[in-house]
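Enquirer: The structure is given below, and queries will be raised subsequently.
The values are calculated or read from the model by the stated rules, or taken from the named source; none is laboratory data. Here the structure is a predicted model, which is why all the values come from computation and not from measurement. Positions of Cβ are generated from backbone atoms using ideal geometry, with glycine treated the same way; all protein chains shown enter the neighbour counts.
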Amino acid sequence: MHLKYESQLREPLVNGDKNYHQVTEDIVRPIEAKPTKLWYVGFYIAVSLLLFGVYAIYRDVTYGIGQWNLNKTVGWGWDITNFVWWVGIGHAGTLISAILLLFRQGWRTGVNRAAEAMTIFAVMCAGQFPIWHMGRVWMAFFVFPYPNSRGPLWVNFNSPLLWDVFAIGTYFTVSLLFWYSGLLPDFATVRDRAFTKLRKRLYGIAAFGWTGSTKHWQRHESLSLVLAGLSTPLVLSVHTIVSFDFATSVIPGWHTTIFPPYFVAGAIFSGFAMVQTLMLMIRKIFSMEDYITVGHIEAMNKVIVLTGSIVGVAYLTELFMGWYSQNKYEGYTFWYSRANLFSPYGWSYWGMMACNVLSPQIFWFRKMRRNLFVTFFMSIIVNIGMWFERFVIIVTSLYRDYLPSSWSVYYSPTIWEIGFYTGTFGLFFTCFFLFAKYFPVIAIAEIKYVLKTTGDGYKDKMGHLEHVPVEVFTHSGHGHTIVENDAASHG
Amino acid sequence: MAKKKFVVGCFNDEEVLFPAVKKVRTAGYKIHDVYTPFAVHGLDHALGLRETSLHTAGFIYGVTGTTTALSCISWIFTKDWPLNIGGKPHFALPAWIPITFELTVLFAAVGMVLTFCYISQLAPFVKKHHFHARATDDLFVMVIECTDTTNAEDLKAFLASAGAVETDIQIAEEGWWFGRYDKDEMRFENKQIVAA
């Protein structure tokens, strides 16, 4: 058992003098209350975007993906750009819940539930792009290796595109299981305090009959820890494998060994930016300021400036290698198709540089990291930048490759490509609004677990211990009562 | 399942709970279970529960995933349908590592979650007896099983002296059954909350 005492230098993770019941009240209140007007407005906008996307996809299936502006060499355009963009966003949730759990970062408890939900919805959006890009989507099951009557003809296990199927599929499944197993105790909390029959019944089903038994908690802890251990390499592997889609090809601008770490850093970067966007909205709409504190926002901004700078180093390394390799195709791609502002797509490269590398540097200043408006603005800028990055990588490498005679005309999307993309926004936010209304957006049980160590009220009461000499502190038994009992029960 | 008689003591602070658990166990009572709103570390040891083996099961599932991936892919690519891909070796182990890794994680995670639900008897539509509705909110609910020789009233008093804020006696069924929760008492009945 850990000591209850935590240094006063650390900011409290839960503001206000709360007790356990107050935590339940605060987090369950939005579920039990009627949704606000703002919620309805947001939800209807999301649903209309989703419907537009559904129509765009309906047209894709009916007329084929010829209605997109993909052309002879730009075979991947907005669709794969958006796929990589959404998968990248889907990396923050599992990073927060898994890697930060292993690193014992207490602040994850305030944001992990919503971040994991975001991950799942982002991966759902990402999955749409390769699926509908197949064109004949009714053949989509061909990507699975199963004994068939065509030989049997198997999938190519040596292909990164198949690795992607496994990586994204596993990532989605494991994230979903991790998220839902964490939700069980919180659903039970909602169930046990429900005051309508319907709510009691539905949350009763959702909570799987959770009672809070000590043995179940013991297994639950073991499960969370192992799932975190499994998800940590998993989250790194997924974007690594996505980067292999490019890196194992021989297209100039793609064929680089720096891709896996560069993609993973970029994924975390954009994922945290999306978490910031959503967290700032949640804490405002549902008055969760006590749980998602400015300290949480600051911690995530630190991750953003770190990963943004890693991505910046990667961009510069690529430029350097474009020159140093003395490969004229590499050199042309990096120094003409990308870095030259006056080349056809130069604007996207410099847009990316400005959004991803330059602007996050503002977070070296503590005042800026703790400024909510700056954070919100920056979180959107970063995601625009990360979209540009994927667009730059895909389109500027494809539109002019080895043979000038096959250089394509300028690629710009049709309304149906754009519609598909906005449709995934609709899907994402529809899911997110439903989640925010019907699910506990903050992990109730986990907040209660850290409450007495790091809650504002409890820290205040422990303030006087700062001045107690070490010898007195260690012998006075502060926080030791439990340890002794623990030991006694073993003995 | 047969109904049993239980004495229930509710505590509102885990720091009172731990000494109480010790007292109750020293006095020789059999603690059926303690229901808590969150994972109280060390409580499993205090109750004398053995460590869970769930992680071992997870390891076994993971190894199963690894072997499944490697054996399937190698059989397919070297025996069933050796495909010539750019003249590269049929047995291309490095190229199989991503899928092998993913299947290891997938098998371990899915297997562990299913095992967790199975051994903890958690599933949709499952219903269990809940000794106190606030056990998922802010109470630590200690449940003691009565034997023929237990004097329930004495035990209640004993629990109260150990710091329980609420005590009562319940006749309840152990285990689980299929059922719904909407027939249970509504703690927040008729409560109206307006603003979000």
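Enquirer: Might you let me know whether the range B:29-36 holds any residue that is in the same structural domain as B:Ser161 (by TED's automatic domain parsing), surrounded by fewer than 16 Cβ atoms within 10 Å (Cβ to Cβ) and at pLDDT below 95? Before you say what the answer is, go through the steps one by one.
Expert: Taking the range B:29-36 first, the residues in the same structural domain as B:Ser161 (by TED's automatic domain parsing) are B:29-36.
From what's left, surrounded by fewer than 16 Cβ atoms within 10 Å (Cβ to Cβ): B:30.
Then keep just the ones that are at pLDDT below 95; that gives B:30.
Scanning the range B:29-36 turns up at least one residue that is in the same structural domain as B:Ser161 (by TED's automatic domain parsing), surrounded by fewer than 16 Cβ atoms within 10 Å (Cβ to Cβ) and at pLDDT below 95.
Enquirer: Of the residues that make up the range A:231-245, is at least one charged (D, E, K, R), closer than 27 Å to A:Phe428 by Cα, more than 10 Å from chain B (Cβ to nearest Cβ) and not in a helix (DSSP H, G or I)? Walk me through it before giving the result.
Expert: Going through the range A:231-245, the residues charged (D, E, K, R) turn out to be A:245.
Adding the requirement that they be closer than 27 Å to A:Phe428 by Cα leaves A:245.
Now drop any that are not more than 10 Å from chain B (Cβ to nearest Cβ), which leaves A:245.
Among the residues that remain, those that are also not in a helix (DSSP H, G or I) are: none.
No, the range A:231-245 contains no residue that is charged (D, E, K, R), closer than 27 Å to A:Phe428 by Cα, more than 10 Å from chain B (Cβ to nearest Cβ) and not in a helix (DSSP H, G or I).
Enquirer: Mind checking whether some residue in the range A:6-17 is within 14 Å of chain B (Cβ to nearest Cβ) and either buried (at least 22 other Cβ atoms within 10 Å of the Cβ) or in a loop (DSSP other than H, G, I, E, B) (or both)?
Expert: Looking only at the range A:6-17, we keep the residues that are within 14 Å of chain B (Cβ to nearest Cβ), and these are A:14.
Going one step further and asking which of them are either buried (at least 22 other Cβ atoms within 10 Å of the Cβ) or in a loop (DSSP other than H, G, I, E, B) (or both), we end up with A:14.
Yes: the range A:6-17 contains one or more residues that are within 14 Å of chain B (Cβ to nearest Cβ) and either buried (at least 22 other Cβ atoms within 10 Å of the Cβ) or in a loop (DSSP other than H, G, I, E, B) (or both).
Enquirer: Within the range A:59-100, which residues are surrounded by fewer than 23 Cβ atoms within 10 Å (Cβ to Cβ) and touching a Lys or Arg at 6+ places or on another chain (Cβ under 7 Å)?
Expert: A:Gln67, A:Leu100
Enquirer: State the number of residues belonging to the range A:397-424 that are under 14 Å from A:Trp78 (Cβ atoms), among the polar types (S, T, N, Q) and assigned to a helix (DSSP H, G or I).
Expert: 2
Enquirer: Just give me the residues in the range A:65-119 being assigned to a helix (DSSP H, G or I), of a type in the set (S, T, N, Q) and more than 11 Å from the chain's Cα centre (by Cα), in sequence order. Give the derivation first.
Expert: Within the range A:65-119, the subset assigned to a helix (DSSP H, G or I) is A:65-67, A:78-89, A:92-102, A:108-119.
After this cut, where a residue has to be of a type in the set (S, T, N, Q) as well, the list is A:67, A:81-82, A:94, A:97, A:109, A:112, A:119.
Listed by number, the residues that qualify are A:Gln67, A:Thr81, A:Asn82, A:Thr109.
Enquirer: Would you be able to tell me the number of residues in the range A:265-284 that are within 18 Å of A:Phe172 (Cβ to Cβ) and either within 14 Å of another protein chain (Cβ to nearest Cβ) or not in a helix (DSSP H, G or I) (or both)?
Expert: Here the count works out to 0.
Enquirer: Considering the range A:28-50 alone, what residues qualify as being away from chain B (no Cβ under 14 Å) and surrounded by 13 or more Cβ atoms within 10 Å (Cβ to Cβ)? Reasoning before the result, please.
Expert: Going residue by residue through the range A:28-50, those that are away from chain B (no Cβ under 14 Å) are A:44-50.
Hits for the range A:28-50 are A:Ile45, A:Ala46, A:Val47, A:Ser48, A:Leu49, A:Leu50.
Enquirer: Then there's this: If you scan the range A:189-222, which residues turn out to be within 21 Å of B:Ile144 (Cβ to Cβ) and in a loop (DSSP other than H, G, I, E, B)? Please lay out each step first, then the result.
Expert: Our first condition is that a residue be within 21 Å of B:Ile144 (Cβ to Cβ); within the range A:189-222, this holds for A:211-218.
Answer for the range A:189-222, where residues must be within 21 Å of B:Ile144 (Cβ to Cβ) and in a loop (DSSP other than H, G, I, E, B): A:Thr211, A:Gly212.
Enquirer: Please find, among A:Tyr315, A:Tyr329, the residue that is buried (at least 17 other Cβ atoms within 10 Å of the Cβ), touching a residue at least 60 places away in the same chain (Cβ under 8 Å) and assigned to a helix (DSSP H, G or I). Talk me through it step by step, then tell me what you get.
Expert: On the way: A:Tyr315 fails: touching a residue at least 60 places away in the same chain (Cβ under 8 Å).
Testing whether each residue is buried (at least 17 other Cβ atoms within 10 Å of the Cβ), touching a residue at least 60 places away in the same chain (Cβ under 8 Å) and assigned to a helix (DSSP H, G or I) leaves just A:Tyr329.
Enquirer: Do you know which residues across the range B:130-145 are more than 7 Å from chain A (Cβ to nearest Cβ) and buried (at least 20 other Cβ atoms within 10 Å of the Cβ)?
Expert: Initially, the range B:130-145 is screened for residues more than 7 Å from chain A (Cβ to nearest Cβ), giving B:131-132, B:134, B:139-145.
Scanning the range B:130-145 gives B:Phe131, B:His132, B:Arg134, B:Leu139, B:Phe140, B:Val141, B:Met142, B:Val143, B:Ile144.
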